[in-house]
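Here the structure comes first, spelled out in structure tokens, and everything after it is commentary.
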Amino acid sequence: MDNTKFEKVKEIVEGMLNVGPEKVTPEARLEEDLGADETDRMEILGCLEEEYGIEISDEQILGAKTVADLVKLVETLSSETQSE
């Protein structure tokens, strides 16, 4: 996992969910541990798309269960965008 991307995703998640940095770990579950609901996920989606210039489908963001899943999603979509 790219540490730079993790730190940026962590910053976005902290801000959107209003949680402390100690709670946002790669293993933290978005719903169970951080309290994210569907609306929160959509707001995170918008921030990630803007930050990285990528497009994330609703299904992809709803399928992400942990912070690490979000980072992997960003890494995958960023590399696809760069190779186009």
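Quick notes on this one:
- In the stretch 16-37, of all residues being among the acidic types (Asp, Glu) and exposed (fewer than 10 other Cβ atoms within 10 Å of the Cβ), the one that is farthest from the chain's Cα centre (by Cα) corresponds to Glu22.
- Residue within the stretch 71-79 that is surrounded by 17 or more Cβ atoms within 10 Å (Cβ to Cβ), of a type in the set (Val, Ile, Thr) and assigned to a helix (DSSP H, G or I) present: yes
All of the numbers you see were taken from the coordinates with simple rules; none came from a lab. Predicted model, so just to flag it, every value in this text is computed and none were measured. Counting neighbours? That spans all protein chains shown, and the Cβs are built from the backbone with ideal geometry, glycine included.
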